[in-house]
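Notes for the one structure printed next.
The values are calculated or read from the model by the stated rules, or taken from the named source; none is laboratory data. Since the structure is predicted, the reported quantities are computational estimates derived from the model, not experimental observations. So basically every Cβ, Gly included, is an ideal-geometry build from the backbone, and we count neighbours across all protein chains shown.
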Amino acid sequence: MKKLALLIDHEACWGCKTCEIACKQEMNVIDGVKLISVSDDGFRKTGGKLDFVFQVNVCRHCDEPPCREACPEEAISKREDGIVVMDYAKCSGCGSCIPACPYDAIAFDTTNSLAQKCNLCHHRVDKGLIPACADNVCLAHCIYFGDPDEVSEIVSRKRRSRVSREDLDKKKSDPID
């Protein structure tokens with residue numbers, strides 16, 4: 001079976017949070033719980049200039065998910081396509097999976113006493129669709145879904161073709177021939 005992955009080009013993210021909204025709407029998640037989250041990572045010097053950086057945090061669907069091993073109810077499983085799925089009907093709400101996640105990508109729903117994580121919209125993927133956050137909602141077009149090798153190549157090509165601010169500034173200051 002073909003492996004699947006969600007890849008986010010953090011360099012292109014401008015923090016619009018439409019991925020958060022798409023996820024919340026698709027998964028009907030209660031207020032205060034985020035299965036994907038965007039946070040500002042502050043200013044960074046890039047190419048001699050300051051740039052504001054955003055970080056998107058979501059389940060990485062690990063090859064060997066520590067959250068699966070930590071769950072006493074066996075509510076977390078890994079599918080053949082690489083998607084790590086939490087079965088909310090099996091979750092006891094013990095929260096053992098939360099500290100086991102090295103990416104802090106599992107939230108706790110206090111209203112329903114359930115741990116929750118990104119299931120990569122497997123209900124959509126099983127119908128041939130893509131996850132809600134990657135379904136052309138991102139204004140910066142920085143969220144990709146598909147075969148990990150193909151997606152990585154697409155992001156690499158985009159980064160190479162992206163015109164840097166320095167190049168634009170230089171072009172503006174060059175005299176017209």
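Checking GLU80, GLU20 one by one, the residue that is at pLDDT 95 or above, more than 25 Å from SER156 (Cβ to Cβ) and either among the β-branched types (Val, Ile, Thr) or outside any loop (DSSP other than H, G, I, E, B) (or both) is GLU20 and no other. Take the residues in region 74-84 that are more than 14 Å from LYS3 (Cα to Cα) and in contact (Cβ under 8 Å) with a residue 12 or more places away in the chain, then tell me which one is surrounded by the most Cβ atoms within 10 Å (Cβ to Cβ). It comes out as ILE76. Total residues in region 34-68 satisfying the condition of being of a type outside the set (D, E, K, R), touching a residue at least 40 places away in the same chain (Cβ under 8 Å) and in a strand (DSSP E or B): the figure is 7.
May I ask you to list the residues in region 52-74 that are over 25 Å from PRO148 (Cα atoms) and modelled with pLDDT of 95 or more?
Correct list: ALA70, CYS71, PRO72, GLU73, GLU74.
Could you grab me the full set of residues in region 118-144 that are within 18 Å of CYS16 (Cβ to Cβ), crowded, with 20+ Cβ neighbours inside 10 Å, out of contact with any His (no Cβ under 8 Å at 6 or more places or on another chain) and not small (Gly, Ala, Ser)? Listed by number, the residues that qualify are PRO131, CYS133, CYS138, ILE143, TYR144.
Looking only at residues in region 102-138 that are assigned to a strand (DSSP E or B) and in contact (Cβ under 8 Å) with a residue 60 or more places away in the chain, which one is farthest from PHE54 (Cα to Cα)?
ASP109
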